[in-house]
Amino acid sequence: MSTVVKGISASPGIKIGKAYIYLGSNIIIPKYNIPEKDVEKEIERFNAALEKTKKEINSIRLQIAGYLSKDLANIFSSHLLVLEDPLIAEQARVKVKKEKRNIEWVLNDISIELINSMSSIEDEYLKEKIIDLSDIHKRLINNLLMTDTSDLSKLDKEAIIFAPDLTPSDTAIMNKKFVLAFVTDKGGRTSHTAIMARALEIPAVVGTFTGTSSVNNGDTVIVDAFHGKVIIKPSKEEIDQYQNIEKEFLLLDKHLAELTHLPSITLDDVEVTVMGNIELPEEKKIIKEHGAQGIGLFRSEFLFLDKSLPNEEKQFNEYKEVVEYFNPKPVTIRTLDIGGDKIHVYSNLYKERNPFLGSRAIRFCMQNIELFKTQIRAILRASNFGNVKIMFPMISTVDEIIAARKIVEETMNDLEKDKIPFNKNIPIGVMIEVPSAVINSDLLSRHCDFFSVGTNDLVQYTLAVDRINESIAYLYNPLDLSVLRLLKLIVNNSNKYSIPLSICGEIAGEPLYTMLLIGLGYRTFSMSPNLMHQIKRIIRSVNIKECEDLVLELMKLEKTNAIEERLTTFMYNKFPKIFA
Ligand code: PEP
Ligand code: MG
């Protein structure tokens, strides 16, 4: 019998293949009972893992004492002391014998108990010890499980990746040739892992809660990333059925690809420009092949995945490569949007209680001026090679855009002094992705040349719903009337103050929302490539009046569920093939 696990569809497609469990730094504790005859074997397994772990820690300690400092090495000496504590080890052995449970399960319980009893004490020293304890615990259990801690770049055969979570860097470095699809326990539609999946055109289902613990390495799996469904150990009939659906999808996509070079206009001749979102320069080709009219959002933070910061020259070369490739079409480079769920390189330095409300994006840059100026310099230099725009993320106050512009001005002065050419009239725009920016968009319009709406964050901040938290994903809905009203207000202000407007949140790349966004007044969409053909097909099949009528009807419905139901039915009836 097959098992079905449900999640959130993050990147469309259907794939059938073998499961590969990747735990990264996460551990899933197996829990099972041990028959009486195997108890001694289980204890031997524990003793061997204990010895192995001690050896590992000792060798790290010696290395560190050799080339770093004795103080740091002492941390590892204290790890050794914990491992050598006879009470803990003995307690574990006794519990295995008595309770006939596997050693990982027992150790996990002991560790949780110890951590809980220590956490209630307000003592900094003990708090440090808790971290030590959980590190040792992880290392020991890894050795027991002989978990594969290698990264996904080493994958050497086709697989469907199952993971508790994937970081953007996991996704960026994985050997894409062999990744058929991925399934994660955590995450939502607009988590950055999901965005990377769409950018790389890898089908993905996220937020499954139990995906990883329901599958074994090597199980046959069907990933239906259209409907957020994962079928583990499918029957022969299920495999046949999905092979047919996959064939049909590929056929439709091939058919729609014929639209690539046709103009993106509605039936009544109104242009709706389709641009691309990219994360990495390598994606430029696929975006162009899909017929995009330039880059509406270059998420530059993905160049910052390495442990070391990219210097000006490296950034300049990456930007220039994309800019020259699209010239004379525009490339909108968004300055570093670090923080939230994005880049973890700095997470040790910047541990925040509330990262999405913390030092993220423009706030982080204004607190790290040298890093910010280096990026602006690289972007300005690239502007000499094509049509570049600068865009600031997460602007929430007018003061912020004024301050950020001042940094651009200062950097321009420096470049002039150094006699380095750049475009002095480079357009400077802001992401509208925080409710305050929408409400003050009339004021912001005086300080910038364009707006781009980031609905991923706008929905998160309007509804106070963490965009990556799968347990409240049901609340994360761009169709909430509050969001629709804000989207309308932005259009009104951009028309009133003649500010060019585009939309680059994920909904711009989802066919369900295309008519709605046109009806609200959006005329430039920026999106990842995978459903670009479908979107263009919709644009070419509708007229403005019917889109506006649809919006009027939807906005009268008030309830989010009712709006969603009506929109889904409407789009399904009009485009049965696309929404099948
Ligand atoms: C958005 O918030 O909609 C957006 C496009 O930016 P990001 O997803 O990178 O935060
Ligand atoms: Mg955003």
**Q.** Residue that is hydroxyl-bearing (Ser, Thr, Tyr) and either part of a strand (DSSP E or B) or closer than 12 Å to Val4 by Cα (or both), where the choices are Thr212, Thr208
**A.** Thr208
Q.
Pairs needed: first member in segment 93-113, surrounded by 16 or more Cβ atoms within 10 Å (Cβ to Cβ); second member anywhere, among the basic types (Lys, Arg) and in a helix (DSSP H, G or I); C-beta distance under 6 Å; at least 6 residues apart or different chains.
A. Val106/Lys95
Q: Would you please list the contacts, defined by Cβ atoms under 6 Å and residues six or more apart or on different chains, that run from a residue in segment 183-207 that is under 18 Å from Met527 (Cα atoms) to a residue that is among the basic types (Lys, Arg) and within 16 Å of ligand 1 (Cβ to nearest atom)?
A: Gly188/Arg467; Thr190/Arg467; His192/Lys342
Q | Filtered residues of segment 515-540 (kept if in a loop (DSSP other than H, G, I, E, B), touching a helix residue (DSSP H, G or I) at 6+ places or on another chain (Cβ under 8 Å) and either surrounded by fewer than 21 Cβ atoms within 10 Å (Cβ to Cβ) or aliphatic (A, V, I, L, M) (or both)) | A | Gly521, Arg540
Q. From Glu283, Glu238, which residue is in a helix (DSSP H, G or I) and either at pLDDT 95 or above or over 19 Å from Glu506 (Cβ atoms) (or both)?
A. Glu238
Q.
It is to be established whether one or more residues within segment 496-514 are touching a Cys at 6+ places or on another chain (Cβ under 9 Å), at negative phi and in a helix (DSSP H, G or I).
A. yes
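This table checks each residue for (1) of a type outside the set (Val, Ile, Thr); (2) surrounded by 14 or more Cβ atoms within 10 Å (Cβ to Cβ).
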{"residue": "Gly386", "(1), (2)": "yes, yes"}
{"residue": "Pro393", "(1), (2)": "yes, yes"}
{"residue": "Ile401", "(1), (2)": "no, yes"}
{"residue": "Glu416", "(1), (2)": "yes, no"}
{"residue": "Thr455", "(1), (2)": "no, yes"}
{"residue": "Asn477", "(1), (2)": "yes, yes"}
Q: Answer yes if at least one residue in segment 519-534 is without any contact (Cβ under 8 Å) to a residue 60 or more places away in the chain and on the phi > 0 side of the Ramachandran plot, and no otherwise.
A: yes
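One line per residue, one yes/no per condition, for (1) within 18 Å of the chain's Cα centre (by Cα); (2) surrounded by 14 or more Cβ atoms within 10 Å (Cβ to Cβ); (3) modelled with pLDDT of 90 or more:
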{"site": "Arg189", "(1), (2), (3)": "yes, yes, no"}
{"site": "Ala197", "(1), (2), (3)": "yes, yes, no"}
{"site": "Ile222", "(1), (2), (3)": "no, yes, yes"}
{"site": "Lys233", "(1), (2), (3)": "no, yes, yes"}
{"site": "Lys247", "(1), (2), (3)": "no, no, no"}
{"site": "His255", "(1), (2), (3)": "no, no, no"}
{"site": "Ile265", "(1), (2), (3)": "no, yes, yes"}
{"site": "Val272", "(1), (2), (3)": "no, yes, yes"}
{"site": "Gly276", "(1), (2), (3)": "yes, yes, yes"}
Q: Report whether or not Arg405 is of a type in the set (D, E, K, R), away from ligand 1 (no atom under 16 Å from the Cβ), modelled with pLDDT of 95 or more and farther than 17 Å from Ile379 by Cα.
A: no
Q: For residues that are in contact with a Leu (Cβ under 7 Å, 6 or more places away or on another chain) and more than 23 Å from Ser436 (Cα to Cα), scanning just segment 382-423, find the one that is nearest to ligand 2 (Cβ to nearest atom).
A: Thr411
Q: Scan segment 24-44 for residues that are in contact with a helix residue (DSSP H, G or I) (Cβ under 8 Å, 6 or more places away or on another chain) and at pLDDT below 90 and report the count.
A: 9
Q. If you scan segment 319-340, which residues turn out to be within 16 Å of ligand 2 (Cβ to nearest atom) and either not in a loop (DSSP other than H, G, I, E, B) or not acidic (Asp, Glu) (or both)?
A. Thr332, Ile333, Arg334, Thr335, Leu336, Ile338, Gly339, Gly340
Q. Out of the residues in segment 421-456 that are in a loop (DSSP other than H, G, I, E, B), among the hydrophobic types (A, V, I, L, M, F, W, C) and away from ligand 1 (no atom under 16 Å from the Cβ), which is nearest to Thr524 (Cα to Cα)?
A. Cys448
Q. Looking only at segment 457-475, which residues are assigned to a loop (DSSP other than H, G, I, E, B) and within 12 Å of ligand 1 (Cβ to nearest atom)?
A. Arg467, Ile468
**Q.** When residues of segment 158-180 are limited to those that are over 15 Å from the mean Cα position of the chain (by Cα) and not β-branched (Val, Ile, Thr), the one farthest from Thr212 (Cα to Cα)
**A.** Lys177
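The values are calculated or read from the model by the stated rules, or taken from the named source; none is laboratory data. Since the structure is predicted, the reported quantities are computational estimates derived from the model, not experimental observations. Note that we place each Cβ from the backbone using ideal geometry, even for glycine, and neighbour counts take in every protein chain shown.
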